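Below is one structure, written out as structure tokens, with a few remarks after it.
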Amino acid sequence: MNNDDRRTHPRYPLRAFAELGSSDKEWAAHVLDISYDGARIALLDDYHLCAGDAIQLRLEVPEMKVPKNTMPYIHLNGTLVHQQEHMLGIQYEPASAEDAELLKNLLSNLNISI
């Protein structure tokens, strides 16, 4: 079974900045595509992560309309699923109900129905 067969939500192109963190380090990341429960990202710096490692992703959404007094970031907690050199596939869940709503808004703004 390939990765496309396991996906429950389709992925769509998105170019956005993010910060990927593990229990002891953080890296600047670039989001390449996204769905409600996963993303493909690129890390340009050296990293020491393995499939199955727990990660946190803070996705910056600069053009998204967010409620007043809310930062344009979505916090996602998940797992590194696969990696190939500097490309990583991650599976995640929104860290809070507010993050879930922001993620839905982002996907909606991309004209994606989930």
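Throughout, read-outs are computed from the coordinates displayed, never taken from laboratory work. Source: prediction; values computed, not measured. Cβ: placed from backbone, ideal geometry, glycine included. Neighbour counts: every protein chain shown.
Before moving on, here are some points about what is shown:
- Modelled label reach - Met71, point 7 Å along Cα→Cβ, segment 22-37 residues with backbone N closer than 20 Å: 22-31
- Here Ser96, Ser22 are placed in order of increasing Cβ neighbour count within 10 Å, fewest first, which gives Ser96, Ser22.
- Listed by Cβ neighbour count within 10 Å, with the fewest neighbours leading, Leu107, Leu76 appear as Leu107, Leu76.
- Classified by the C-alpha gyration tensor, segment 3-109 has a prolate form. Its axis ratio a/c, with a ≥ b ≥ c, is 1.5 or above, and a/b is larger than b/c.
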